[in-house]
1. If you take each beta carbon of peptide B:104-117 and count the beta carbons of other chains within 10 angstrom, what is the mean?
2. For a Förster distance of 41 Å, can you work out the FRET efficiency between the beta-carbons of B:Ser51 and A:Ser58, rounded to the nearest 0.05?
3. Looking at the P(r) of region B:1-58, how many percent of alpha-carbon pairs lie beyond 15 Å?
4. Are there trypsin sites (Lys or Arg not before Pro) in region B:22-81 that DSSP marks as loop and that have at most 13 other Cβ atoms within 10 Å, and which are they?
5. Under a point-charge model restricted to the Cβ atoms of Lys and Arg (+1) and Asp and Glu (-1), what is the dipole moment magnitude of region A:17-63 relative to its Cα centre, in debye to the nearest 20?
6. Convert 4 °C to kelvin, take the viscosity as 1.567 mPa s, use the Kirkwood radius over C-alpha pairs of chain B as Rh, and evaluate the Stokes-Einstein diffusion coefficient in µm²/s, rounded to a whole number.
7. Looking at B:Cys91, B:Thr112, B:Tyr10, which one has the Cα that reaches farthest to the positive end of the dipole of chain B (charges on Cβ: Lys, Arg +1; Asp, Glu -1)?
8. How many partner chain Cβ atoms sit within 10 Å of a residue's Cβ in peptide A:19-28, on average, as a whole number?
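Values in this text are rule-based calculations from the coordinates and carry no lab data. Model, not experiment: these values are computed from the prediction. Here the Cβ positions follow ideal geometry from the backbone for every residue, glycine too, while neighbour counts run over all protein chains shown.
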Amino acid sequence: SQQGEEDPQALSIQEGENATMNCSYKTSINNLQWYRQNSGRGLVHLILIRSNEREKHSGRLRVTLDTSKKSSSLLITASRAADTASYFCATVSDTGRRALTFGSGTRLQVQP
Amino acid sequence: KAGVTQTPRYLIKTRGQQVTLSCSPISGHRSVSWYQQTPGQGLQFLFEYFSETQRNKGNFPGRFSGRQFSNSRSEMNVSTLELGDSALYLCASSLGDREYLFGNEQYFGPGTRLTVT
């Protein structure tokens, strides 16, 4: 079963605009990761944020984590057409199984 | 370093048959995980192997099995295929140790798209 939901399910923006995706999860976590998937292909790891971190940056990506609300957001600044993909959050529990539990994903379309 | 490779990339099987998928991890990675991706259920964890032992297992029936070899390459097998097994099967590798210190970001292969008819 999936850990939680991502919001929105789909997002369409113009090149140069910022894109924000939200992820909610249900259980206590060790870390949360964001992945990108281009149309039916493998996933690419984007960023990992630990449960004791609140914000992390990587290039044009900014991730926040609020463990009290069990939520995270991914911000892509100055988006490009090449950012068109599906974005998934994935959590790793702080107890028991260490596997990734994925959200439902956000489909991002960046119009040139 | 070469990335994670999966073979075959596409496969068509008939209900009742069995299938074996292969995954070669990034050199030096000792953990291999398998995931199933379908439009209805999304990405779901199947199992993880570390040093030839199954370390974690998801909620899939016993028809789904796997193994890992001494060179960390892994195979997964699905027996008695059902229509609902049609999916993209993704393999991911990671270092697999000291995760509590370094996290466990995973590196995914391109996937094997299995169609069951």
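1. Per-residue shielding by partner chains comes out at 4.
2. Values: r = 31 Å, r/R0 = 0.75.
Between B:Ser51 and A:Ser58 the formula returns 0.85.
3. Values: 1035 of 1653 pairs.
Every Cα pair in region B:1-58 considered, those over 15 Å come to 63 percent.
4. The qualifying sites are B:Arg63.
5. So the dipole magnitude of region A:17-63 works out to roughly 80 debye.
6. D, rounded to a whole number, is 91 µm²/s.
7. In chain B, that residue is B:Tyr10.
8. Counting Cβ atoms of other protein chains within 10 Å of each residue's Cβ and averaging gives 0.
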